[in-house]
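Shown next, in structure tokens, is the structure this report addresses.
The values are calculated or read from the model by the stated rules, or taken from the named source; none is laboratory data. The structure displayed is predicted, hence computed values, not measured ones. Every residue, glycine as well, gets a Cβ built from its backbone with ideal geometry; the counts of neighbours run over all protein chains shown.
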Amino acid sequence: MRKRYLVYVTRSEDGKVDRVSIPMRFVYVFMAAAITGMFTIAGMAGSYSRMLIKAESVNKLRDQLALTRKDYAHLEKAEHEKDVQAASLGSLATEVSALYGLTAGKLTHIHDKTKSAAAAAAKAPLKDTSAGLTDAGYHESLETFQALQQTALEGSLSHGLDDLTPSLGIAGALGDFADMDAAGPNMPDMWPVMGPINSGFGQREDPVLGVGVGEFHKGVDIGALNGTPVHAPANGRVIKAGQSNGYGNEIEIDHGNGIVTVYGHLSGFNVVDGETVAKGQVIGFVGHTGKVTGPHLHYEVQVRGSAVNPHKYLTTTMAQLGGASPKGF
């Protein structure tokens, strides 16, 4: 007799009891199906949970990617603005070096120090420093560059220079160029003596000491033979005609508006203190007195006590003084 399993007992309305028996094979099949269903449901629930976790991770990664792209765009914009600012400052440095006679060697030395500092900074962790780069700072730098560029083109610094000098730290000397344009007929724009420029304005090696010892040359050295007449480049009044330490026989002429011209290493004088001179008048003669290595004229232009580069004002010769030829030698 096969085994059966009593699974259900009922009582009918008339009080009769019914018994339902199920063969054991059906019980085993039912239990196996139930267990399989439980494992299936548990597996599906686990898969769904993992899918939710992965979806949340993907959403977080998507948000991080969006933030990274936004930060990258911000850094790229800041880098571009800094490149523009660096280019502007580089041009500004070129303009200032031209006005103040800084030599290529001096600028190279500064550039090498800057490169060393940049290399050291490159080893540090990257961080966003664009917070210090403001639109106002950028435009101020650009305006400074444009003002000096306009100055280089026009030969004057009459546009907003009182505001520029504090940021450049040049002790007000740049602003003094405005007086050069206001000098009118007393502008020292003529070659005092004709000859080659043996030594320009700015940093140079000391011609006497040599051996790499540097000095700042406040004027230009114009080569000429001993005894060559030196002419006044503009109307003025002699404020000094005598001996000077380093310059030997020296003449200084006041042209008004804070403009003074200096002539050094002369062999002799043709004027005296207090004398009024006219443009083109012979004031002295080329020599090699003082601290020199050979005959030449040291010519210097000062504006309110600050030496400026006289080369850009050497535009007229004695031959052109009569007006037969236009300016521009």
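Identify, from the list Val303, Val230, the residue that is crowded, with 20+ Cβ neighbours inside 10 Å and over 17 Å from Gly195 (Cα atoms).
Values: Val230 fails: over 17 Å from Gly195 (Cα atoms).
Within the list Val303, Val230, the selection yields Val303.
Given the structure, is Asp71 among the acidic types (Asp, Glu), in a helix (DSSP H, G or I) and either at pLDDT below 90 or under 60 Å from the mean Cα position of the chain (by Cα) (or both)? Talk me through it step by step, then tell me what you get.
Details: among the acidic types (Asp, Glu): yes; in a helix (DSSP H, G or I): yes; either at pLDDT below 90 or under 60 Å from the mean Cα position of the chain (by Cα) (or both): yes.
When the stated conditions are applied, Asp71 passes them.
Looking at Val7, Val29, Val20, Val58 in this structure, which one is farther than 30 Å from Tyr313 by Cα, surrounded by 12 or more Cβ atoms within 10 Å (Cβ to Cβ) and either modelled with pLDDT under 75 or outside the structural domain of Val308 (by TED's automatic domain parsing) (or both)? Can you show your working first?
Values: Val29 fails: surrounded by 12 or more Cβ atoms within 10 Å (Cβ to Cβ); Val20 fails: surrounded by 12 or more Cβ atoms within 10 Å (Cβ to Cβ); Val58 fails: surrounded by 12 or more Cβ atoms within 10 Å (Cβ to Cβ).
So the residue among Val7, Val29, Val20, Val58 that is farther than 30 Å from Tyr313 by Cα, surrounded by 12 or more Cβ atoms within 10 Å (Cβ to Cβ) and either modelled with pLDDT under 75 or outside the structural domain of Val308 (by TED's automatic domain parsing) (or both) is Val7.
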